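Just so it is clear, none of the values below were taken in a lab; they were calculated from the coordinates. Since the model is a prediction, treat every value here as computed from it, not as a measurement. Cβ sites come from the backbone with ideal geometry, for glycine too, and all protein chains shown count toward neighbours.
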Amino acid sequence: MWMSNEKRRVFVRETSDIPFLQSSSKDEGEAASKSRNEILELIFDKFIRPDDSTQNASTTSRWQRARELWKAMLSEKRASYFIELRDSDYLEWIKTGEATTLPCTESQVETRNKNLPEFRGANDVVRQARIIRATFLKCIDDVAIKLIQRNVPLEKRQKLIRFRATLRSGLDAEWFLEHQPKVFSAYEKFLTDVVEKEPQMGGSNTASRSL
């Protein structure tokens with residue numbers, strides 16, 4: 001992305017301390033690094049330091065949302081976060097402030113797994129399952145709000161509540177890896193299907209085995 005020399009110098013200075021990304025594979029690390037660089041440049045150029053600096057209430061709000069995401073990106077170490085972010089509606093959220101689900105940061109993953117049962121299994125599998133569980137729980141909260149706004153009957157919304165309870169009590173890390181949506185934007189579709197067609201729930205030691 002083209003930026004003036006002065007603007008580029010400021011960008012380089014602001015991003016000089018970004019952390020090394022933690023990835024599960026070389027390909028994931030490379031894809032995440034590319035996404036991080038491109039998104040950081042875009043947000044900086046269009047929202048943090050826009051060439052058109054005209055200020056009004058709407059642009060101020062956009063700047064605040066962009067700054068919030070910018071700060072999260074500068075400290076995030078999880079490589080998959082940036083791959084998920086690219087597939088989210090982060091730009092629409094910055095521009096409009098509409099309710100939008102963004103990927104879980106590393107700190108949000110920890111917060112959403114707090115006080116929940118610990119997974120059993122290999123470290124890499126458990127780490128990934130924790131990310132998926134946190135993402136499901138975050139998306140469920142956001143989808144639940146949208147269902148209420150759309151006046152979806154309580155009977156259907158309760159399916160999501162039951163599914164959330166099952167995810168919170170599940171101990172089978174492999175289940176989460178098996179049922180993780182292929183792309184971040186598919187989480188909401190997955191949960192909408194849960195509302196429309198309730199899955200067969202497993203016991204307290206598994207999230208579900210026959211979605």
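Using helices alone, what [θ] at 222 nm do you get for the chain, with -39,500 (n - 2.57) per DSSP H run of 4 or more residues, divided over all residues and rounded to the nearest 500?
Numbers: 10 runs with 131 residues, N = 211.
It comes out at -19500 deg cm²/dmol, rounded to the nearest 500.
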Between 0 and 90°, nearest 10: helix 57-75 axis offset from the chain longest Cα axis: 70
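For the stretch 1-100, what D do you get in µm² per second when you plug the Kirkwood radius from alpha-carbon pairs into Stokes-Einstein at 25 °C and 0.890 mPa s?
172
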In nm, spacing of pseudo-spin labels at ARG13 and ASP89 (7 Å Cα→C-beta vector): 3.7
Cα long-axis angle, helix 5-14 against the chain (0 to 90 degrees, to the nearest 10): 40
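Quick check on packing: order 191-197, 149-155 by the mean number of other C-beta atoms within 10 Å, highest mean leading.
191-197, 149-155
So which of LYS95/LYS189; LYS71/LYS114; LYS7/LYS95; LYS26/LYS197; LYS146/LYS197; LYS34/LYS138 end up more than 28 Å apart by C-alpha?
Numbers: LYS95/LYS189 23 Å; LYS71/LYS114 23 Å; LYS7/LYS95 22 Å; LYS26/LYS197 38 Å; LYS146/LYS197 18 Å; LYS34/LYS138 26 Å.
Check vs 28 Å cut-off fails for LYS26/LYS197.
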Residue of GLU68, GLU174, GLU76 that the Gaussian network model of the chain assigns the largest fluctuation, springs spanning Cα pairs under 10 Å: GLU68
Equivalent-ellipsoid semi-axes of the stretch 104-211, from the Cα gyration tensor, Å, largest first: 22, 15, 12
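Provide the net charge surrounding VAL125, with neighbours chosen by a C-beta distance below 13 Å and charges set as Lys +1, Arg +1, Asp -1, Glu -1. Display every interim value, and only then the final one.
Numbers: positive: ARG120, ARG127, ARG130, ARG133; negative: GLU118, ASP124, ASP172, GLU174, GLU178.
Result for the local shell: -1.
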